[in-house]
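Here's the structure we're looking at; comments come further down.
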Amino acid sequence: MATPSPEPPPDPPNWPHCGHGATAEDPVGCRGIHVPGHTACLAHLNETDLAAYLATLSPGDDINHSGTHFTEDLLDRLLDALRDPTTGHPRLGTARFSVAKFDGSVDFDKVQISGDAWFVGTEIGDDAWFGKAKISGDAWFVEVEIGGDVGFDGVEINGNAWFIEARVDGNAGFDRAKINGNIEFSKVRAGNGIWFRDAEIGGDVGFDGAEVNGDVLFHGAVLEHAAMVGPLVCTGMLDLSEAVFERAVTIEAAAAAVRCRRTRWASTAALRLRHAEVDLTDAVMEYPVSVSAHARPFIVNGEELAESGLTGPRVRAVSLRGVDAAHLVLTDIDLTGCRFAGTIHLDQLRLEGHCRLAAVPAGLRRRGIWPVRWTPRQTLAEEHHWRAARDIGADGWTPAPEGEEVLEPVVLAPVYRALRKAFEDGKNEPGAADFYYGEMEMRRHDRAGTPRAERFLLTAYWAVSGYGLRASRALGWLLGAMAVTVLVMMLWGLPQDDPKPAGTGTLTGHRITLTTDTPAPVNPTGPWPERVTTERFEKSLRVVINSVVFRSSGQELTTAGTYTEMASRLAEPVLLGLAVLAVRSRVKR
């Protein structure tokens, strides 16, 4: 077995370093930068030199303790030396803690930094708190490793905040933060969530390659100039509720859920999503907003972002209630569970690509104690909820989520009507037909708003032809009516024998008068089986076929046959017309 090659010794830092504790395996030793006037870092000064150095510090001084190993006590003593007696808070110039190592927690609450803050390659063993700190320049947290939570709640950063290839084992909180520049989370790994609740961000929010094992919350945040949010992968929820986007923005995210309740877009926006359930309840859209399903994982620097923990097959919208759909475009979105009732200008909604809605239960299903087969069509999720609640024991209809109100047909009929118009305006007549069917169904079942006589007519219309949309049903009734008419004609409509005209003449002088009389048809007699013959069947069939196209058969009929022909000439062409109408509604463009 070969002996493994030893790892190469670490490179020394690019500053004069302490070197304390150097060994053969680690010839560099302590990487802490020299304290001015000494050959050791802050952590390895003796107590006398440490006290003397701290006494030289004044609030607002620049400090550089890169590579230094801090205990909690050492950091407290350093910050106390920089504390401004007027405000009672530490005040620093430029602060450099690159490659420093902090044991335990780090507390920079209410610290004021008038320059940049450098934490490049820093290791923090536990939590790090920067709450209500004020940083006048940029904040650099590059390749930082934080073993617990990091809190920037209420922080003010006048420049940019860079979190690049950082790792946070806990939560990263920026609630009520004010960041005037950009904030970047490139290739950040967050063990829990990242929170920007009620934050104010002046620039872009970048998540290039970030992976968050939890939620990303922008609830109530104001993004004044953000042109891009993402691409982001989070296993939890991206919450944009009550957030305000002041300018045109593109949001790219792969998440389990995206919540946009009462989100306000003051300019155009494009949401490119993967896997997520999208809730747009009461979102405010002043300009066009598009929500689309991104077909493939997002690519950053030529590499696809990993999406571990996300298994949802498609982007699914769950609610459009309260949205002004005149500005909304949905592309390739699953709408099977979407709640449309309460959407404003729903008839102006644009659906592009493959936007699938809920279907009726397939196959033979149970309704109470009766087996039924539902006609295939697209439906609203709200109709599923109503039928599941109305038909006790109904099989296949999806019940309403817990706490969700079940809407009645009087509410759902206008929703179907608006969607039908949206599809018709989009030149999708076959798709609009399903929503016309749904509208008629809701009117037929609306006992509160639809008069009884109208419900009776709608029921007849439904039974005969599926509201003029089911050709097979109309043709079935037509063939049935024709068969009954043929049978009636054979049994009672055709006379016993064809009447034979008889002519008589009268000679008066030089004039001859001829008279032709046709005997009245004689009702057939004898047993019924004797009336069912090939000849009588052929005559009856000719009568019926001519009746369908509004032509008189020319056949002498009995009284019963005459009235039967009149009824068939009225009803059967109507059934044929309904069948033609149903076919046309499915092929019209």
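No value in this document is a laboratory result; all are computed from the given coordinates. Note that the structure is a prediction, hence the values are computed from the model and not measured. Every residue, glycine among them, receives a Cβ derived from its backbone with ideal geometry; neighbour counts consider all protein chains shown.
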Counting other Cβ atoms within 10 Å of each Cβ, which GluC sites (Glu not before Pro) in the range 222-279 have at most 16 and sit in a DSSP loop? Glu224, Glu246
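Using the number of other C-beta atoms within 10 angstrom as an exposure proxy, rank Met566, Met490, Met442 with the fewest first. Before the final figure, lay out the partial values.
Details: Met566 12, Met490 22, Met442 26.
Ordered from fewest to most neighbouring Cβ atoms within 10 Å, Met566, Met490, Met442 come out as Met566, Met490, Met442.
I need the peptides 253-265, 318-330 ranked by packing, meaning the mean over residues of other C-beta atoms within 10 angstrom, with the highest value on top. Walk me through the intermediate numbers first.
Details: 253-265: 23.2, 318-330: 20.8.
Packing proxy ranking, top to bottom: 253-265, 318-330.
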Compute all pairwise cysteine Cβ distances in the chain, then list the cysteines with no distance under 4.7 Å to another cysteine. Cys234, Cys260, Cys338, Cys355
Please arrange Thr336, Thr485 by how many other C-beta atoms lie within 10 Å of their C-beta, fewest to most. Thr336, Thr485
Contact order relative to length for the chain, counting C-alpha pairs under 8 Å separated by 6 or more residues, stands in percent at 5 percent
Sort Leu82, Leu457, Leu217 so the one with the fewest other Cβ atoms within 10 Å of its own Cβ comes first. Leu457, Leu82, Leu217
Can you give the helix-only mean residue ellipticity at 222 nm for the chain, where every DSSP H stretch with n ≥ 4 adds -39500 (n - 2.57) and the sum goes over all residues, rounded to the nearest 500 deg cm²/dmol? -8000 deg cm²/dmol
Quick check: the distance between the Cα centres of the range 562-580 and the range 401-458, to the nearest angstrom? 29 Å
